[in-house]
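One structure is given here, and the rest of the page talks about it.
The values are calculated or read from the model by the stated rules, or taken from the named source; none is laboratory data. Values in this document were obtained by computation on a predicted structure and should not be read as measured data. All Cβ positions, even for glycine, are placed from backbone atoms using ideal geometry, and neighbour counts span all protein chains on display. For accessibility, only protein heavy atoms count, side chains too; no ligands or nucleic acids. Shrake-Rupley method; radii C 1.70, N 1.55, O 1.52, S 1.80 Å.
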Amino acid sequence: MSPLEIGYAGVLALVLLIFLRVPVAIALILPSIVGVWAIIGSRASWGLLRSTPYEIGGNWSLSSIPMFLLMGYVCYHARLTDGLFKASRAWLSALPGGLGISTIAGAAVFSAVSGSTTACAAAMGRIAVPEMIKERYNPGFAASICAVGGTLGSMIPPSIVMIIYGTFAEVPIGQLFIAGIVPGLLSAAMFSLVIILISWLRPDICPPSNSTITWGDRFRALGDTWPVVLLIAGVLGGIFTGTFSATEAGAVGAFFAIVIALVRGNLTGAILTTAMIETARMTATILIIAIGAALFTRFLALSGVATHFSELAILYATSPLVLVIGVALVYLLLGMFLDPLGIMLLTLPLLLPAFNAVGIDLIWMGILVVKFLEIGLITPPVGLNLFVMQAIVGREASIDRIAKVLVWFILADLCTMALLIAFPSIVGFLPSLLG
């Protein structure tokens with residue numbers, strides 16, 4: 001077999017292993033090692049297996065992942081974000097579907113202190129779902145609002161997905177963070193419009209609010225948001241002003257989160273231990289998949305598949321738009337069956353050379369990829385945020401009931417995606433203004 005044939009055989013083996021439910025990291029590593037062995041021998045194969053984990057583990061950009069995760073988990077377990085929902089409820093509850101819009105607003109702000117979508121969904125679900133059910137919201141609708149609110153954690157910086165994309169695409173992570181702000185706020189606005197529409201069409205599942213809130217209540221509620229405001233100002237403000245890099249911001253944010261939790265008296269040894277264990281577990285999961293993706297990238301480059309795929313993209317993609325739409329369809333399909341991180345690291349080794357070949361801006365494409373992955377988080381049957389919310393609401397709402405309502409939000413996401421594709425300036429506006 002020629003190296004190119006071995007490369008495509010490796011791709012087919014990867015697809016087969018995924019369908020057999022083999023963990024993504026193993027599915028990436030096995031074809032890579034065997035393929036390199038078949039092309040240039042066992043010594044090179046074992047050498048690649050020895051050196052790649054060290055290179056990934058020592059990557060400076062990826063070192064921010066555990067720090068951002070620790071910041072988010074400390075905020076979650078020390079309940080530093082509880083005041084977000086109260087404040088957004090005080091200011092937004094007068095709107096149609098105000099309690100649901102308050103949840104989206106709270107999730108958007110929480111996303112700015114946590115790069116984890118599941119942590120964001122769980123945090124808002126724990127606080128907001130009981131309140132919405134108390135206000136006679138349909139439990140499935142309440143859970144769906146928190147599920148889509150959680151997806152904002154991928155787009156609004158700091159974002160773990162953006163860090164990984166930036167590392168593999170070799171683009172500035174700080175630029176990705178800045179570029180994600182407007183699309184993240186646009187997504188939140190689209191979700192809010194859906195809630196308003198449903199409140200008009202289906203008051204039986206989204207009733208008007210009966211609470212009376214004074215201006216004094218509104219301003220008092222803002223007092224509980226200072227921990228998050230301080231964190232956002234410290235982390236994002238430092239990145240945008242150039243005080244420290246996006247990578248260093250993770251350590252700054254984790255330090256601030258721990259100090260604020262100590263000052264508020266919310267941090268115990270048990271909470272800090274739990275946050276650190278969850279951080280270590282999630283970091284290990286991310287890094288082992290990243291190692292597999294790095295090995296697979298080297299295998300595709302060595303076999304010539306990456307170059308061949310780029311040539312095919314140039315030949316058959318009559319324009320960059322055609323390629324982007326094709327990639328969107330692939331991601332939406334894969335999002336129904338695989339977790340977002342796995343999808344991205346499975347596809348980037350093939351897609352990045354194609355993007356470069358047709359001249360697609362990798363910052364803009366990175367934001368689109370994050371948007372595609374967001375939709376996958378709420379697409380059945382394997383939408384991670386669906387399972388997070390079902391675990392919170394329990395018997396109040398089944399997966400099917402939550403998924404039926406989510407169709408409205410998926411349509412809103414598709415509209416947002418179309419806007420980002422049609423008007424790239426939505427993504428490029430802030431980076432051009434600040435850069």
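Here are some notes:
- Subset of segment 350-371 [within 14 Å of Thr297 (Cα to Cα) and open to solvent by 10 Å² or more (accessible area, probe 1.4 Å)]: Leu350, Leu351, Leu352, Pro353
- Checking the stated criteria, Glu278 turns out to be charged (D, E, K, R) and outside the structural domain of Ile133 (by the TED database).
- Taken over segment 113-124, the criterion of being surrounded by fewer than 24 Cβ atoms within 10 Å (Cβ to Cβ) and of a type in the set (A, V, I, L, M, F, W, C) is satisfied by Ala122 alone.
- Residue list for segment 372-405, filter: within 14 Å of the chain's Cα centre (by Cα) and open to solvent by 50 Å² or more (accessible area, probe 1.4 Å): Leu384
- Selection status of Asp204, over 24 Å from Glu55 (Cα atoms), acidic (Asp, Glu) and surrounded by fewer than 16 Cβ atoms within 10 Å (Cβ to Cβ): yes
- Options Leu20, Leu30: the member that is of a type outside the set (Phe, Trp, Tyr) and farther than 23 Å from Ile164 by Cβ: Leu20
- Filter result for Val113 (touching a Leu at 6+ places or on another chain (Cβ under 8 Å), at pLDDT 85 or above and closer than 30 Å to Phe244 by Cα): no
- The number of residues in segment 1-30 that are touching a residue at least 60 places away in the same chain (Cβ under 8 Å), surrounded by 14 or more Cβ atoms within 10 Å (Cβ to Cβ) and under 27 Å from the mean Cα position of the chain (by Cα) comes to 8.
- Qualifying residue in segment 332-342 (condition: within 20 Å of Val358 (Cβ to Cβ) and crowded, with 16+ Cβ neighbours inside 10 Å): no
- Boolean, Phe409 is of a type in the set (A, V, I, L, M, F, W, C), open to solvent by less than 20 Å² (accessible area, probe 1.4 Å) and at pLDDT 80 or above: yes
- Here Leu99 passes the criteria (1) at pLDDT 85 or above; (2) in contact with a helix residue (DSSP H, G or I) (Cβ under 8 Å, 6 or more places away or on another chain); (3) farther than 26 Å from Val194 by Cβ; (4) among the hydrophobic types (A, V, I, L, M, F, W, C) except the one numbered (3).
- Residue in segment 297-323 that is nearest to Tyr165 (Cα to Cα), counting only those that are among the β-branched types (Val, Ile, Thr) and surrounded by fewer than 19 Cβ atoms within 10 Å (Cβ to Cβ): Thr307
- Among (1) under 23 Å from Ile163 (Cα atoms); (2) not assigned by the TED database to the domain that holds Gly428, the one test that Asp339 misses: (2)
- Test result for Thr283, in a helix (DSSP H, G or I), touching a residue at least 60 places away in the same chain (Cβ under 8 Å) and under 12 Å from Met67 (Cβ atoms): yes
- Elements of the type helices (runs of 4 or more DSSP H) sitting completely within segment 61-162 and holding at least 2 residues that are touching a residue at least 60 places away in the same chain (Cβ under 8 Å) and basic (Lys, Arg): these cover 82-92.
- Contacts under 6 angstrom Cβ, first residue in segment 401-422 being outside the structural domain of Ser154 (by the TED database), partner open to solvent by 20 Å² or more (accessible area, probe 1.4 Å) and outside any helix (DSSP H, G or I), 6 or more apart: none
- Filter result (open to solvent by less than 60 Å² (accessible area, probe 1.4 Å) and at pLDDT 85 or above) within segment 420-435: Leu420, Ile421, Ile426, Val427, Gly428
- The residues listed here are Leu230, Leu222, Leu236; of these, the one that is at pLDDT 80 or above and either open to solvent by 50 Å² or more (accessible area, probe 1.4 Å) or closer than 21 Å to Ala119 by Cα (or both) is Leu230.
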